[in-house]
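Values quoted throughout were computed directly from the atomic coordinates according to the rules given, and no laboratory measurement underlies them. Computed from a prediction, not measured in an experiment: that's the story for all the values here. Glycine also receives a Cβ, built like all others from the backbone with ideal geometry; neighbour counts cover every protein chain displayed.
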Amino acid sequence: MQRSRIFGSIGVVWFCLTLAAIAYATRLGLFLAPVDALQGNVFRIFFYHVPHSMLSLLFPYVNFIASLCYLYWRRRDPLKALNADAVAIASAEVTVVYASICLWTGMLWGRVEWGIWWTWDPRLTSMLLLWLLYVSYLMLRKLSSTGQTHTLAAVLSVFAAIDVPIVYMSIQWWRTQHPAPVFFSSDPNAGVDKSMYPAWFWNLGAWAMWGIFLVVFRYALERRRQASEQDAALQAIEASLEMAQ
Amino acid sequence: MSYLDRALADMRNDLHNLQIFFRDTFHHFRKDVRLEWRSRDSIVGMLFFTLLVLVIFSLSFDPTSDVSRQIVGGILWVSLLFASFTSLNGSWTREQRNRVLEAQRMAPSPPAALFLGKALANLLFTLIVEIFLAPLFIIFYNLHVLGQAWKLALVMPLGTWALVCNGTFFAAMGLRTRNRELLLPLILVPVSLPALLGMMMATTAILTGESSPDLWIRLLVAYNIAFTIVCLLLFDTVLSAE
Amino acid sequence: MFGSSMAARHLLYVYLSVWFIQGGYCAWVAWHWFHTRNPQPPVVADSATRDDI
């Protein structure tokens, strides 16, 4: 009980700090960073878009490592395996949230800058495929039968993690052969003026803090659900034992 | 026993296990081919489905010879992909009748042999369908291959294996889910997208002769090697997932 | 305030939708957090819990 209280208070403190960081970063991005010479004010979308896209490439690896741990501990130490599984689903859901935001903000930017909602450029397409992979992971978790969910999801996660670099390479090759309008050039910081650095770093840091908060919160919820299920199962067993007497 | 003796004994053991693995794979392959040959459900179903898709696309777009060379690669692989969903699911439901799958789990043979045998059988069926489809495509789209036609003999099996290998694996994953028919396309398509891109681009490149398919063929080879190894290693986990 | 109205509108949509999506997900997790039973860990039997030893 003591431990969970400590974690709870750390969680609340972290949440408040994160909100403050996001507010400060947003203020920097919207008001204090200077206007971009080429794009005008619409580039301010990048202060939200780029951190989300960078972070959405980080959480899949958390999911991958957690899934590998689950598969390793599955027979050797089931309790640790359940822990790993909770981390896996938390990071998968946060990946989908961040990837969705990355796609949506990217589309809005493209609408203003280029007049088109979508183009099959390498980065957008790879991001779409990443999103599809992790949505399919979540669907598998939803549709599979109870005993198997964790294992099947862990296996799919391994497939998805191996697929991501292959997807990236193949889309790059495809777009080298058939060029299309490029929304985002390879280096997002090309030509970024030093005066904008504070806004970049604060936004990246704030959204990273928020991402960590979400993963840990979702992890705690999943652990609570697991404990609830185990409790219910235990009560059912005890009830059946009592009836047998 | 000396170190050398032990090493030799280990090697003999490994070779023996490998021999058993391939023997079991062959048995599973033969079993699946025999079962399929008796009813020919899968092959006929796939063939007819792909033919229908071919007709529909032809009617909707009414392409000229030039345009059809651009689009046939895509149409071929999309229609094969959709046709394979039912046949892949069907290849595992045959194991569920009479609780054969429980017996497979308990048998001492390596589970990867079951997977490989079944995947090879599915590969054979799909290749047979493709052989029947090829003249139909040529007729309906007035195809005239402008590039190196022999490379198609590389692309077709490589592409088919990419679909069938992952498809057999994911169909096994979906065996006890609700909505099994829905799950297979949902998880197969995102994972196969690079291979699908490779197959379609390679076929289009060969048909139009406008670019070289070599890059795509190399992508397909790399994809196949990577995912065949992963499927073989992880099949045991999936089979005994409870 | 921010120049041409289309850019300004889209900028606003971006910021609002990000807050909406992130906040929405957080609210969903929080709702389930408060609606999931928090089982108390079982009391471990030791000599301190029995007064007849």
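Name the shape class, rounded, prolate or oblate, that the alpha-carbon gyration tensor gives for the range A:114-176, where a ≥ b ≥ c are the square roots of its eigenvalues, rounded holds for a/c under 1.5, and otherwise prolate holds if a/b is larger than b/c and oblate otherwise. Can you show the working numbers first?
On the way: a/c = 5.74, a/b = 2.07, b/c = 2.77.
It is oblate, given that a/c is not under 1.5 and a/b is not larger than b/c.
Placing +1 at every Lys and Arg Cβ and -1 at every Asp and Glu Cβ, with all other atoms neutral, what dipole size does the range B:3-239 have around its Cα centre, in debye to the nearest 20? Intermediate values should be presented prior to the final figure.
On the way: 19 positive and 16 negative charges, 147 e Å.
That gives a dipole near 700 debye.
Given labels modelled 7 Å from the Cα in the Cβ direction, how far is it in nm from residue A:242 to residue B:64?
For the pair residue A:242/residue B:64, the computed spacing is 8.3 nm.
So which residue, out of A:91, A:228, A:157, gets the largest mean-square fluctuation from a GNM of chain A using Cα contacts under 10 Å as springs?
It is A:228.
Between the range B:78-102 and the range A:1-60, what is the separation of their alpha carbon centroids in Å?
Their Cα centres are 47 Å away from one another.
To the nearest Å, what is the center-to-center distance of the range B:5-64 and the range B:170-242, using C-alpha atoms only?
14 Å
Please say if the range B:40-86 is rounded, prolate or oblate, where rounded means a/c under 1.5 for a ≥ b ≥ c the square roots of the C-alpha gyration tensor eigenvalues, and otherwise the choice is prolate for a/b larger than b/c and oblate otherwise? Before the final figure, lay out the partial values.
On the way: a/c = 3.12, a/b = 2.19, b/c = 1.42.
Here the range B:40-86 falls in the prolate category.
With a/c under 1.5 counting as rounded, go ahead and sort the protein assembly as shown into rounded, prolate or oblate using the C-alpha gyration tensor (a ≥ b ≥ c being the square roots of the eigenvalues; past the cut-off, prolate if a/b is larger than b/c, else oblate).
Details: a/c = 2.09, a/b = 1.08, b/c = 1.93.
Oblate.
For q values of 0.13, 0.14, 0.16 Å⁻¹, compute log₁₀ I(q)/I(0) with the Debye formula on a Cα-only model of chain A, without solvent.
Normalising to I(0) and taking log10 leaves -0.92, -1.02, -1.22.
Under a 5 Å amide H to amide H cut-off, with H placed in plane at 1.01 Å, what residues pair with residue A:40 once short-range neighbours are removed?
none
Ratio to report: Rg/Rh of the range B:171-213, with Cα atoms as the point set and Rh obtained by the Kirkwood method; give two decimals.
Details: Rg = 15.3 Å, Rh = 12.2 Å.
Ratio value, two decimals: 1.26.
Neighbour counts of other C-beta atoms within 10 Å: give me A:18, B:204, B:237 arranged from fewest to most.
Working: A:18 20, B:204 23, B:237 17.
Fewest-to-most Cβ neighbours within 10 Å comes out as B:237, A:18, B:204.
Quick check: Cα centre of the range A:101-177 to Cα centre of the range B:131-155, how many Å?
Distance between centres, Cα-based: 32 Å.
Which whole-number value in Å³ per residue fits the convex hull of the alpha carbons of the range B:3-239?
Details: hull volume 33.0 nm³, N = 237.
Looking at the range B:3-239, the number lands at 139 Å³ per residue.
Using the crude model of +1 on Lys and Arg Cβ and -1 on Asp and Glu Cβ, and no other charge, please compute the dipole size for the protein assembly as shown relative to its Cα centre, in debye to 20. Working shown, then result.
Numbers: 40 positive and 34 negative charges, 64 e Å.
With Lys and Arg at +1 and Asp and Glu at -1, about 300 debye.
Can you tell me the alpha carbon radius of gyration of the range A:36-182 divided by the globular rule-of-thumb value 2.2 N^0.38 Å?
1.21
Could you give the size of the charge dipole of chain A about its Cα centre, using +1 on the Cβ of each K and R and -1 on the Cβ of each D and E, expressed in debye and rounded to the nearest 20?
Working: 18 positive and 14 negative charges, 49 e Å.
Computed charge dipole of chain A: roughly 240 debye.
Go through B:223, A:32, A:169 and say which Cα lies farthest out towards the positive end of the charge dipole of the protein assembly as shown; charges sit on Cβ, +1 for Lys and Arg, -1 for Asp and Glu.
Of B:223, A:32, A:169, it is B:223.
Projecting each Cα onto the charge dipole of the range B:3-239 (Lys/Arg +1, Asp/Glu -1 at the beta carbon, about the Cα centre), which of B:90, B:106, B:7 comes out farthest on the positive side?
Working it through, the farthest residue towards the positive pole turns out to be B:106.
I need to check one value: relative contact order of the range B:3-239, counting alpha carbon pairs closer than 8 Å and at least 6 residues apart, in percent.
Details: 250 pairs, mean separation 64.5, N = 237.
Dividing the mean separation by the residue count of the range B:3-239 yields 27 percent.
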